[in-house]
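Every read-out reported here was derived from the displayed coordinates using simple, explicitly stated rules and does not represent laboratory data. Note that the structure is predicted; figures quoted are calculated from it, not measured. Reconstructed Cβ throughout: ideal geometry from the backbone, glycine too, with neighbour counts over all protein chains shown.
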Amino acid sequence: MSVLRRLLRDPWAVVAAIVVVLFAAAAAAAPLITGLTGHDPFTYDLDALDGTGAPQGAFGGVSAQHWFGVEPLTGRDLFAIVLWGARTSFTVGVLATAVSVSLGTAVGLIAGYAGGWTDRVVSRIVDVMLGFPSLIFMISLTAIVAASFPRPLLIVLVIGFFGWPAVARVVRGQVLSLKQRSFVLAAQAMGAGPFDVMRRQLLPNLAATVVVYATILVPAAIGTEAALSFLGVGVPPPTPSWGRSIGDAISWFSVDPAYVAFPGGALFLVTLAFNLLGDGLRDALDPRLARRRPRSAVAPVVEEAVTR
Amino acid sequence: MIAARFVLGRLAGVLLVLLVVAAATYAIFYLLPADPARLSCGKPCTPENLQRAQQFLGLDAPWWGQLGQYLLGIVAGRTFGTGGGAIDCPAPCFGYSFQLSSTVTDLILQRLPVTASIAVGAAVLWFVSGVAGGTAAALRRGRLADRAIMTVAVAGVSAPAYLVGILGILLFGFALGWLPTGGYVPLTEDPLQWLLHLLLPWAALAFISAAVYARLTRAELLEQLSLDHIRTARAIGLSEPAVVVRHGLRNALIPVVTVFGLDLGLLLGGAVITEKVFSMQGLGSLLITSISSLDLQVVVGITQFSAFLVTAANLVVDLVYGVLDPRTVRR
């Protein structure tokens, strides 16, 4: 409970948590809300556009009808698109993080507990993968996977797969120190098998670390999905995605500069909130958790994944 | 003696990693898809191109034969096809684009100057500003300057590159009209225009990346400054700048340099997003166009090339690390 109290004393973390919860609630209730406003993100409304395809009215066509204006060329309601885009972002972000965290925890646990050759091989793979051009790989992978394979699932799997090494490294480090502790030795002495020790003794003690990491991985995954959609290889239209809207906005710069503001602002706000929350959680849970010096130079200190 | 063994050992390790990476890339991209020939022949896929691709890829050979030929091609070059239609692909051969009638290596070399211009300039900018910001924040820990710098840094970490780039174009390109809104001018053609076209991409990339470096530098420097040898250095009467720079920063920068080398290697392999935002024809944009035109050879070639770059960067970082921190060599 003291963790929660320490977290509540950090005003930035509290604000960030509220923002995250608000966005998550909005994402979950998106169909309900757009049902109330009467504009879904799929219906074209060419009446909202002028002859050139640009929105009518100031600031991208913002009005009582269309709170965020409308999308150029189609006249679809931008508020609905941003709202449903949050659904896409959160779904992909959370599912991909779940993939990364479960894979990473399992691998890190086994490598750290087994030690020896297993550990050396796994650590080497983690090192190589951490320094890998993962964005380029992800983009390329979308080209070869059969079109019949559901795209959103592919995006989740690909992003999730490239996220596990960071988790595995941290979990491994924790396990290395945990397995020297007396409660683990006691369990071993009483005849607990390796699987039992990992599940009953180690896993519960790893929970805090994993939670902090998950909080940092979710915005990274959201950012990667947006980047892929921005480049045109992410979730396919007409599924709304912040990244795709931002990508579309590039060609509308000179005519409709306001178009980029709402999806862009939403993406920035969510990422910022998650990062602040992650920082706050890290400080609240354990100040010592903060970064360690890399063992070897190939082990980079990757704090946040930056997509360029 | 120790140093030589260290370098040789690292070199051997890197070669092994390169081999594994090349083999894994080949396996994923050529052995998994149902029809690599169709994926290689481009869009639209003319029958003669398809036939050529099938013949060139040697798809009738068993998988280990294909893989062997591919790996050998990277090291020693290879010839695609036989007889009059044969195409020579000198080492390092990363494939052949039937659509663009060019070896992938040539395509990469054509685009590399653009990406390199973006990456190197941006990297210098973000390293300097990140380290400076992080040092300033660490020295004023807990005070207003620290909090201001770290707030900007969190914002930078959270802002996607393309968003920063777009805002930059809107402000400096369209609203103020100071800088071009996109495109690339070769350095050899017009150095001033080259610089003007690159300023925005550099600034955008530096803003988001410097944030990571500032956070890292601050954390490392604070840790260093709390150690005993710093207290000793102060006690023997060294000036504060000497203490901070020579005894604090020098050690604190070791992990920062590590990240820097890898980041630069990564970015050289294609600044995909930045290139799209600023409509520059670098490696990243080549990758994206090859994906939409289904040119598997180019896609894999670029992927392979950027993986190689990162591995090479790893090696350089490892060797530099050995110089900065001799303990790693002796280990």
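Per-residue mean of other chain beta-carbon atoms within 10 angstrom of the beta-carbon, peptide A:265-277?
Mean shielding by partner chains, rounded to a whole number: 3.
Anyone know which of A:Y113, A:Y259, A:Y44 comes out most mobile in the 10 Å Cα GNM of chain A?
A:Y44
Round to a whole angstrom and tell me the spacing of the C-alpha centers of the stretch B:116-143 and the stretch B:1-69.
Taking the Cα centre of each part, the stretch B:116-143 and the stretch B:1-69 sit 39 Å apart.
How far apart, in nm, are the 7 Å Cα→Cβ label points at B:A148 and A:L153?
According to this spin-label approximation, the distance is 5.3 nm.
In a GNM of chain A with a 10 Å cut-off on Cα contacts, which of A:P237, A:P219, A:P165 has the highest mean-square fluctuation?
Taking springs between Cα atoms under 10 Å, the residue moving most is A:P237.
Quick one: if you stick a label point 7 Å off each Cα along the C-beta vector at B:A23 and B:W194, how many nm between them?
Output for this residue pair reads 4.2 nm.
Provide the per-residue ³J(HN,Hα) series for the stretch B:190-197, in order, calculated from phi with Karplus coefficients 6.51, -1.76, 1.60 and θ = phi - 60°, each as a whole number of Hz, with x at glycine and proline positions.
3J(HN,Hα) across the stretch B:190-197, in whole Hz: 7, x, 5, 5, 4, 5, 4, 5.
What's the exposure ranking of A:V184, A:V255, going from fewest to most Cβ atoms within 10 Å?
If I rank by nearby Cβ atoms, fewest first, I get A:V255, A:V184.
Relative to the Cα centre, what is the charge dipole magnitude of chain B, using +1 at the beta carbon of each Lys and Arg, -1 at the beta carbon of each Asp and Glu, and rounding to the nearest 20 debye?
Computed charge dipole of chain B: roughly 1200 debye.
Under 1.5 on a/c is rounded, so check that first for the protein assembly as shown, then, if it is not, pick prolate when a/b is larger than b/c and oblate when it is not; a ≥ b ≥ c are the square roots of the alpha carbon gyration tensor eigenvalues.
Judged from the Cα gyration tensor, the protein assembly as shown comes out rounded (a/c under 1.5).
Between B:A235 and B:V124, what is the label-to-label distance in nm when each label sits 7 Å out along the Cα-to-Cβ direction?
Between B:A235 and B:V124, the label points sit 4.3 nm apart.
For a quick check: sort B:V131, B:V21, A:V14 by the number of other beta carbons within 10 angstrom, fewest at the front.
Exposure proxy ranking, most exposed first: A:V14, B:V21, B:V131.
Taking the Cα centre as origin and putting +1 on Lys and Arg beta-carbons and -1 on Asp and Glu beta-carbons, what dipole magnitude results for the protein assembly as shown, to the nearest 20 debye?
Roughly 2780 debye for the protein assembly as shown.
How many Cβ atoms of partner chains, on average, are near each residue of B:162-173 if near means within 10 Å of its Cβ?
Per residue, the number of nearby Cβ atoms from other chains is 5 on average.
Can you work out the FRET efficiency for the pair A:R124 and A:S102, with r the C-beta to C-beta distance and R0 = 22 Å, to the nearest 0.05?
0.55
Subtracting the Cα-Cα distance from 0.36 nm times the residue separation, let me have the gained length for B:D35 to B:A116 in nm, one decimal.
That pair, B:D35 and B:A116, stretches by 25.8 nm at full extension.
From the helices alone, meaning DSSP H stretches of at least four residues, give me the mean residue ellipticity at 222 nm for chain A, per-run term -39500 (n - 2.57), in deg cm²/dmol to the nearest 500.
-21500 deg cm²/dmol
Which value, in debye to the nearest 20, gives the size of the charge dipole of the stretch B:13-103 about its Cα centre, when Lys and Arg are +1 and Asp and Glu are -1 at the Cβ?
It works out to roughly 100 debye.
Using the Cα centre of the protein assembly as shown as origin and beta-carbon charges of +1 (Lys, Arg) and -1 (Asp, Glu), tell me which of A:V145, A:P204, A:S102 is placed farthest towards the positive end of the dipole.
My answer, from the dipole projection, is A:P204.
Report the one residue of B:L67, B:S285, B:L319 whose Cα lies farthest in the direction of the positive end of the charge dipole of the protein assembly as shown (charges on C-beta: Lys and Arg +1, Asp and Glu -1; origin at the Cα centre).
Result: B:L319.
GNM, chain B, Cα, under 10 Å: largest mean-square fluctuation among B:F56, B:F308, B:F94?
Looking only at B:F56, B:F308, B:F94, the biggest GNM fluctuation is shown by B:F56.
Which of the helices in chain A meet the span-like rule: DSSP H, Cα axial reach of 20 Å or more, Kyte-Doolittle mean at least 0.5?
What comes out of the filter, once short or polar helices are dropped, is A:11-28, A:78-114, A:116-130, A:151-178, A:203-230, A:261-285.
Out of B:W178, B:A3, A:I222, whose Cα points farthest toward the positive end of the dipole of the protein assembly as shown (charges: +1 Lys, Arg; -1 Asp, Glu; placed on Cβ)?
B:A3
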